[in-house]
Each structure stands twice: as structure tokens, then as C-alpha cells.
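Peer 1: I'd like to ask some things about the structure below.
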Amino acid sequence: WLEPVAAQHIAQLKTTPDIDKKTVKVEVATNVCSPDKVEVKVFDGKNLVAKGAALNGVPVELTMPEDVKLWTPESPSLYNMEVTLYKYGKADQVKSYTALRKFSTHKDKNGITRLQLNNKDYFQFGPLDQGWWPDGLYTAPTDEALVYDLKKIKDFGYNMVRKHVKVEPARWYTYCDQLGLIVWQDMPNGGRGPAEWQMHKYYDGADAIRSAASEANYRKEWKEIIDYLYSYPSIGVWVPFNEAWGQFKTPEITKWTKEYDPSRLVNPASGGNHYTCGDILDLHNYPGPNLYLYDPIRATVLGEYGGIGMALKGHLWLADKNWGYVKFNTPEEVTNEYIKYADHLLELIEKGFSAAVYTQITDVEEEVNGLVTYDRKVIKVDEPKIKAINQKICNSLNK
């Protein structure tokens with residue numbers, strides 16, 4: 001859409017919360033070389049809880065109340081923000097929001113490196129979400145369709161979603177903030193990857209060599225994605241590479257990502273090729289979970305597993321040639337297989353897994369391994385049973 005703005009206007013906000021200091025830093029980009037003043041107000045509902053101002057483009061530092069509400073999937077507390085630019089009097093004003101939360105890692109009492117949310121061990125569990133629709137393909141046909149999958153992810157008892165090799169419209173991330181879903185954001189990769197894909201050991205093959213133009217394009221677009229999504233509280237993990245697709249200079253890209261945004265965790269290579277860098281070692285295993293590598297320094301996660309397929313007539317993209325890692329014929333069979341994998345995952349959490357991603361929330365064209373059909377008309381599993389076991393997994397570290 002087109003939106004009229006003032007001649008001197010606010011172009012972008014960058015908000016960085018710090019729960020340890022109970023502060024929020026707000027960086028305000030404007031089209032003005034030297035604004036007279038920028039003022040930021042933070043509200044809990046309609047109640048003003050923090051206020052600050054700065055001159056000459058300096059970030060605004062806000063001190064939040066002692067009883068500040070932290071954002072979690074169980075209680076996704078958001079604070080409204082009002083930002084005013086003063087130039088020749090009041091020039092522009094925008095409304096936004098922020099949240100207080102922290103993503104980090106820490107060793108538990110058994111020496112296992114765990115993902116933490118707000119300084120507490122927190123098992124992140126959610127589905128792979130590729131964001132496809134039969135009546136819109138890569139674009140949701142309606143706003144209701146955009147939010148439907150996220151609401152269904154919450155209904156199934158998950159606390160996280162992995163946005164797989166796609167970047168969504170801004171509204172999708174706002175819904176994640178509002179509903180309470182941690183987001184793992186993939187980089188949609190192009191370009192030639194290494195000749196080998198090694199899953200079961202640390203990578204010792206030859207790196208892919210991208211052209212100067214291809215490498216520059218990757219770096220430009222990855223930075224643009226991080227800039228675009230930086231202020232959404234729900235984003236917890238950046239994923240620069242997946243399954244060696246377009247993978248190159250992994251330690252260097254991971255280091256840059258972590259330095260550019262130290263407020264999030266970096267999952268350098270989901271599924272392989274693995275390097276000892278970043279915050280996470282990410283294994284893929286289909287169909288059931290398997291802990292075949294373990295990193296005592298970084299958090300070890302199961303970045304993909306599952307793929308339990310069921311082709312439901314009348315709800316297929318293709319009449320034949322439908323695919324899943326394993327295939328069953330009834331919702332009962334799919335549910336039982338899902339629970340079997342979940343029980344095994346619970347055992348592996350005690351041994352070292354700190355997060356897991358199930359493939360996947362919906363069918364996608366010929367991939368019939370979703371919990372919901374591609375047209376979103378049929379839930380293919382026993383939802384109460386799936387929710388119960390999912391919540392058990394999500395709460396597995398709450399001891």
C-alpha cells in the first residue's frame with residue numbers, strides 16, 4: 001500500500017530489550033539529518049510506564065518498571081510504543097510495540113548446554129512451516145489464511161515455529177509476537193552448495209566457492225532480512241544455511257551474523273554441513289528422532305524429523321505421486337506414529353537435545369506429511385492427543 005508521510009518523518013525503528021538491566025534501547029532512523037529531538041513513550045495498555053528522549057540521532061534509552069512483564073509463548077506480553085520526531089515543532093509520530101525477552105544458552109546441572117528463554121532452561125518445540133497455500137502459492141490468499149496456520153500451531157501445543165527458507169510479510173511476525181510463538185528464521189538460499197553434504201560428522205570437505213556477485217548478493221539480502229525483522233520480539237534464532245544449500249564460508253557468515261545481532265542465537269548449518277561455530281549444532285533425522293552427534297559447548301537440537309505422510313483423497317494437490325518419509329492410511333495410525341516419535345524424543349531430551357522441529361504443519365503440494373491438509377480443511381491427526389504430548393515435550397525442562 002501507499003502511505004503519505006510528513007516531509008520530515010520517521011523511517012524505521014530498531015528496538016533492543018535487555019531484561020537483565022530492565023531497559024529498552026530504541027534507535028530511530030529518520031530522513032532528517034539532525035532532528036531536534038526524538039521522544040519515546042512506552043505503555044502497558046493505556047498506562048504510561050516509561051518515557052525518554054534523545055537529541056541528534058542518539059538512541060533513546062528507556063528504564064522499564066521493576067515489575068516488568070516478560071514475553072514468553074505462555075504469556076506474550078507486549079508493550080505499546082509511541083515515537084515522536086520533533087523538527088520545527090512536532091514533525092511526525094508513529095505507533096509501534098516492543099517486548100522484554102532474552103534468548104541465550106547455559107549449561108544445566110548435568111553439563112548439557114540448553115537453550116534458555118529469559119535466563120531459564122526452555123525446550124523449544126515446533127513445526128516446520130514453509131508458508132504455501134494452494135490458492136495463493138507463496139502469498140496467503142487472505143489475512144485470515146496468514147494467521148490460521150499460526151493459531152493452529154498454538155492449538156497443537158507448540159511454542160515455536162521454524163520459518164523454512166522463506167521470509168513472510170510483516171503481519172506474520174506480528175501475529176507470532178501476539179500469539180506467543182518463537183520463530184527460527186531461515187535464510188532462503190540460492191547458489192551452488194558444496195559437492196558433499198555430511199550429516200554425521202563435522203564437515204571436512206571442500207567449501208563451495210560462490211562468484212563475487214553471488215556472495216555479495218547473499219550478504220546484502222541476509223543483512224536486509226535481519227534489518228527487516230530485528231525488532232520483532234518473537235524472532236529467537238537466525239539460520240543462515242540449511243542442508244548445505246548454497247552454503248559457503250560458514251564460520252565467517254556465522255560470526256558476522258552473531259556480531260551484527262548479538263541479541264539472538266545463530267544456528268549456522270541446519271542439518272549439516274557442521275562447523276564448530278555459532279550457538280547451535282542442528283541434526284536432521286527422518287523419520288524418527290536420533291541423537292547421533294552431540295556438542296558439549298553449543299546447544300544440540302533436532303532441526304528436522306518426522307515427515308509422517310497420509311494422502312487424503314479430495315484434499316490432494318496431485319492425484320498420485322504424493323510423498324512422505326513414511327505413509328499411513330488413517331488419522332489414528334498417523335497419531336500413534338507421532339506419539340511413538342515423541343516418546344523417543346522425550347528420552348533424547350534428557351540425553352542432550354534442547355529443541356526440535358517436526359516436519360511439518362501442513363501438506364505442501366505433493367508433500368503429504370502435514371498435520372493439516374494443504375487446503376486447510378482437514379486436521380489429519382487426533383488433535384487433543386497431539387497437543388497433550390507436545391505440551392509434555394515443551395515442559396520437559398521445567399523442573
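Peer 1: Quick one: how many residues across the stretch 375-397 are part of a loop (DSSP other than H, G, I, E, B), closer than 20 Å to residue 356 by Cα and touching a strand residue (DSSP E or B) at 6+ places or on another chain (Cβ under 8 Å)? Let's see the steps before the verdict.
Peer 2: Initially, the stretch 375-397 is screened for residues part of a loop (DSSP other than H, G, I, E, B), giving 375-378, 380-382, 395-397.
Adding the requirement that they be closer than 20 Å to residue 356 by Cα leaves 381, 395-397.
Within this subset, residues satisfying the condition of being touching a strand residue (DSSP E or B) at 6+ places or on another chain (Cβ under 8 Å) are 397.
Qualifying residue count, the stretch 375-397: 1.
Peer 1: Select from the stretch 216-250 the residues that are touching a Phe, Trp or Tyr at 6+ places or on another chain (Cβ under 7 Å) and without any contact (Cβ under 8 Å) to a residue 12 or more places away in the chain and list them in ascending order.
Peer 2: Result: no residue meets the conditions.
Peer 1: Can you pull out the residues in the stretch 195-225 that are open to solvent by 30 Å² or more (accessible area, probe 1.4 Å) and among the aliphatic types (A, V, I, L, M)?
Peer 2: 195, 199, 206, 209, 212, 213, 216
Peer 1: Do you know which of the residues in the stretch 298-323 that are open to solvent by 10 Å² or more (accessible area, probe 1.4 Å) and of a type in the set (Gly, Ala, Ser) is nearest to residue 367 (Cα to Cα)?
Peer 2: The qualifying residue nearest to residue 367 (Cα to Cα) is 311.
Peer 1: Are any residues in the stretch 350-361 crowded, with 16+ Cβ neighbours inside 10 Å and of a type in the set (Lys, Arg), and if so, which ones? Steps first, answer last, please.
Peer 2: The first filter runs over the stretch 350-361 and keeps only residues crowded, with 16+ Cβ neighbours inside 10 Å, leaving 352-361.
Those that are crowded, with 16+ Cβ neighbours inside 10 Å and of a type in the set (Lys, Arg): none in the stretch 350-361.
Peer 1: Name the one entry in 228, 175 that is of a type in the set (Phe, Trp, Tyr), surrounded by fewer than 16 Cβ atoms within 10 Å (Cβ to Cβ) and modelled with pLDDT of 95 or more.
Peer 2: On the way: 175 fails: surrounded by fewer than 16 Cβ atoms within 10 Å (Cβ to Cβ).
Matching residue, one of 228, 175: 228.
Peer 1: Of (1) farther than 27 Å from residue 375 by Cβ; (2) touching a residue at least 40 places away in the same chain (Cβ under 8 Å), residue 204 satisfies all except one. Which?
Peer 2: With (1) farther than 27 Å from residue 375 by Cβ; (2) touching a residue at least 40 places away in the same chain (Cβ under 8 Å) applied to residue 204, the lone miss is (2).
Peer 1: Next question, about the same structure. Looking for whichever is open to solvent by 30 Å² or more (accessible area, probe 1.4 Å), of a type in the set (Asp, Glu) and in contact with a strand residue (DSSP E or B) (Cβ under 9 Å, 6 or more places away or on another chain) here; the options are 36, 20, 67. Which one fits? Give the steps one after another, and end with the answer.
Peer 2: Working: 20 fails: in contact with a strand residue (DSSP E or B) (Cβ under 9 Å, 6 or more places away or on another chain); 67 fails: in contact with a strand residue (DSSP E or B) (Cβ under 9 Å, 6 or more places away or on another chain).
Just a single option satisfies the conditions, and that option is 36.
Peer 1: So, one more: Select from the stretch 362-393 the residues that are within 20 Å of the chain's Cα centre (by Cα), under 30 Å from residue 350 (Cβ atoms), surrounded by 20 or more Cβ atoms within 10 Å (Cβ to Cβ) and touching a residue at least 60 places away in the same chain (Cβ under 8 Å) and list them in ascending order.
Peer 2: Passing the criteria: 371, 390, 393.
Peer 1: Would you point out which residue out of 109, 166 is open to solvent by 10 Å² or more (accessible area, probe 1.4 Å), among the basic types (Lys, Arg) and in a loop (DSSP other than H, G, I, E, B)?
Peer 2: Working: 166 fails: open to solvent by 10 Å² or more (accessible area, probe 1.4 Å).
When all the criteria are applied, what remains is 109.
Peer 1: Would you be able to say whether some residue in the stretch 75-93 is farther than 29 Å from residue 158 by Cβ, open to solvent by 20 Å² or more (accessible area, probe 1.4 Å) and β-branched (Val, Ile, Thr)?
Peer 2: The answer is no, given that none of the residues of the stretch 75-93 is farther than 29 Å from residue 158 by Cβ, open to solvent by 20 Å² or more (accessible area, probe 1.4 Å) and β-branched (Val, Ile, Thr).
Peer 1: So which residues in the stretch 328-349 are in contact (Cβ under 8 Å) with a residue 12 or more places away in the chain and either charged (D, E, K, R) or open to solvent by less than 10 Å² (accessible area, probe 1.4 Å) (or both), if there are any at all? Walk me through how you get there before you give the answer.
Peer 2: First pass over the stretch 328-349, keeping only residues in contact (Cβ under 8 Å) with a residue 12 or more places away in the chain: 328-335, 337-346, 348-349.
Listed by number, the residues that qualify are 332, 333, 334, 335, 337, 338, 340, 342, 343, 345, 349.
Peer 1: Looking at this structure, is residue 25 touching a residue at least 60 places away in the same chain (Cβ under 8 Å), closer than 23 Å to residue 261 by Cα and either open to solvent by less than 80 Å² (accessible area, probe 1.4 Å) or assigned to a strand (DSSP E or B) (or both)?
Peer 2: On the way: touching a residue at least 60 places away in the same chain (Cβ under 8 Å): no; closer than 23 Å to residue 261 by Cα: yes; either open to solvent by less than 80 Å² (accessible area, probe 1.4 Å) or assigned to a strand (DSSP E or B) (or both): yes.
No; evaluated as a whole, the condition is false for this residue.
Matching residues to (1) open to solvent by less than 10 Å² (accessible area, probe 1.4 Å); (2) assigned to a strand (DSSP E or B); (3) closer than 30 Å to residue 39 by Cβ:
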position: 97; (1), (2), (3): no, yes, yes
position: 105; (1), (2), (3): no, yes, no
position: 128; (1), (2), (3): yes, yes, no
position: 131; (1), (2), (3): yes, no, no
position: 139; (1), (2), (3): no, no, no
position: 145; (1), (2), (3): no, no, no
position: 151; (1), (2), (3): no, no, no
position: 158; (1), (2), (3): yes, no, no
position: 171; (1), (2), (3): no, no, yes
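Peer 1: I've got another one for you. Determine whether the stretch 274-282 contains at least one residue that is of a type in the set (Val, Ile, Thr), open to solvent by 10 Å² or more (accessible area, probe 1.4 Å) and more than 19 Å from residue 347 (Cβ to Cβ). Break it down into steps so the answer makes sense when it comes.
Peer 2: Filtering the stretch 274-282 for residues of a type in the set (Val, Ile, Thr) gives 276, 280.
This time we only want the ones that are open to solvent by 10 Å² or more (accessible area, probe 1.4 Å), so: 276.
If we keep only those that are more than 19 Å from residue 347 (Cβ to Cβ) as well, we get 276.
Yes; the residues of the stretch 274-282 include at least one that is of a type in the set (Val, Ile, Thr), open to solvent by 10 Å² or more (accessible area, probe 1.4 Å) and more than 19 Å from residue 347 (Cβ to Cβ).
The values are calculated or read from the model by the stated rules, or taken from the named source; none is laboratory data. Given the structure is predicted, the values throughout are model-derived calculations rather than measurements. Using ideal geometry, Cβ is built from the backbone for each residue, glycine included, and neighbour counts are taken over all protein chains shown. The area values use the complete protein model at the heavy-atom level, side chains included, leaving out ligands, DNA and RNA. Shrake-Rupley method; radii C 1.70, N 1.55, O 1.52, S 1.80 Å.
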